[in-house]
Amino acid sequence: MSAHATREGPGGSARFAWDPVLLRRYDACGPRPTSHPTALGFREDFGPDDFTSALARSNDAGRALSLYVHMPFCRQACFYCACNKIATGDTRLAEPYLSRLDREMVLTSRHLDAAREVQQLHWGGGTPTFLTLDQMSDLIDRLDARFGLSGSRERDYAIEIDPREANVLTLRHLQALGFNRLSLGVQDLDLRVQQAINRVQPRVLTESLIDEADRLGFRSLNLDLIYGLPLQTRDSFAETLAQVIAMAPARLSVFHYAHLPERFTPQRRIHAEDLPGPEETLAMLHTTLEMLTAAGYVHIGMDHFARPDDSLAKAQRQGSLTHDVRGYSSHARCDLVGLGVSAISRVDDAYARNPVGLAAYEAALDAGRLATDRGRRLTFDDCLRRHASERLIGDLALDLEALGQAFGVDAEARLADVLARLEGAEHDGLVERAGPRLVVTPIGRLLLRHLAMAFDAPLPEQRASPRSRLR
């Protein structure tokens, strides 16, 4: 069965849509569409003053706030990892970082209306649960003091968890702090694969946390998996998927491993000869689609799957799913403030990024200024293209007529170059055109990143990014 002969599953998810020749042809690297323009288009002449101006402008729009806190510490380095992290076993080293975070909060919050609700909160890393329980409490107290955290049942407060660094007491503490959504890193349940990536994680650790999260009533739980890791095969990954499906998480993120040892030092510990070949890796993706769809999951797109009753799947059906720097969200558009080393903010019509190096981040804050080292204020055309790209990713469709009405322009004329770049994808069956409406096909969901790239002007410095293929 080719990409043009598909059956639909729950929530419109593809029951079967497969064309390996087409997928291999589109298997090229490029930047993740987490922002528009992508981070490769951020400018070095955008600094702290530009960011504070954006913060001040954002108050007039009355949007809620989303806070992201980057915690770069990990107990040990996983060999596949491409995150900005510091491997250490000493939690005391987090204290100076927490103090700098608080300084950044003070400098940021003074430009924001104190009445704005913090609708979303996300702690990522690294490993946020590297912190002690007391350090977690202290960080929440500081966030509440600077921004005023929400007690609403509709809040979306999430944290990334390494099951090796958490237990049932950790989950109870996180619930008491106000978190209501969890994301657990699993990657693979095969012991040989775990040993090859320096992440031995018995299944019982994950299962015990899932059971406790369910008992405590956490709103949603996500599991992260990675295919294409050393020593994986289609059969071994199918066994991992079967075990994960039995755990019944509400959401799954299934990423493709991108081996870039020249950029990410830990990956140099992975033996290239242990990596599965392209055909085996593609077979793992095929197995993932078949097994998760058969189990009732909806393929949201961009590596993500969700049960039909999960808020992500509901938001996609309702046309309110958003996608930005932090990935998919079922909440309405918020202004995102990123805190910590390498964090990216999306505020009003601007993006701002902190340094990726800890020393530069600390030096800026010690000098009494925000750490913004690059960013970009968007033009009208940037905003138009960003909105169009996000609607295509979130809705799996784009209504050019509605877009034009929202922006007061002839959208088809303004996006003529985009539509021209999408002609090849339309010919290949990744997207269909019906009048002013573009619709992503089931196999097109596997290549959303490529469709989103059509909205960006090519940059000469574009290069591969981790987790970038077939997404």
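The values are calculated or read from the model by the stated rules, or taken from the named source; none is laboratory data. Please read all numbers here as calculations on a predicted model, not as lab measurements. Here the Cβ is made from the backbone with ideal geometry for all residues, glycine too, and neighbour counts use every protein chain on show. In case anyone asks, the SASA skips ligands and DNA or RNA and just uses the protein heavy atoms, side chains included. Shrake-Rupley method; radii C 1.70, N 1.55, O 1.52, S 1.80 Å.
Before moving on, here are some points about what is shown:
- Given charges at Cβ of Lys, Arg, Asp, Glu: the chain dipole, positive-most of Tyr68, Val418, Pro276: Tyr68
- Accessible area (Å², per residue) of the range 227-276, counting only protein heavy atoms and a probe of 1.4 Å: 42 Å²
- Seen from Val440, the other residues with C-beta closer than 10 Å to its C-beta sum to a net charge of -1, counting Lys and Arg as +1 and Asp and Glu as -1.
- Net length gained if the chain between Leu169 and Glu95 were fully extended (0.36 nm per residue, minus Cα distance): 24.5 nm
- Residues Ala359 and Ala294, FRET efficiency given R0 of 35 Å [Cβ-Cβ distance, rounded to 0.05]: 0.10
- Taking the Cα centre of the range 24-137 as reference, the dipole from Cβ charges on Lys and Arg (+1) and Asp and Glu (-1) amounts to some 460 debye.
- Global form of the range 262-352, assessed from the alpha-carbon gyration tensor, a/c cut-off 1.5: oblate
- DSSP bridge pairs, the range 216-355: antiparallel proportion in percent, nearest 5: 70 percent
- Ranking Ser253, Leu312, Gln243 by Cα position along the charge dipole of the range 218-358, where only Lys, Arg, Asp and Glu carry charges on their C-beta atoms, puts Leu312 farthest toward the positive end.
- Cα centroid of the range 32-98 to Cα centroid of the range 358-422, whole Å: 18 Å
- About the Cα centre, charge dipole magnitude for the chain (Lys/Arg +1, Asp/Glu -1 at Cβ), debye: 180 debye
- Fraction of beta bridges assigned by DSSP in the chain that are antiparallel (%, nearest 5): 45 percent
- Which of Leu149, Val118, Tyr26, positive extreme of dipole for the chain (C-beta unit charges): Leu149
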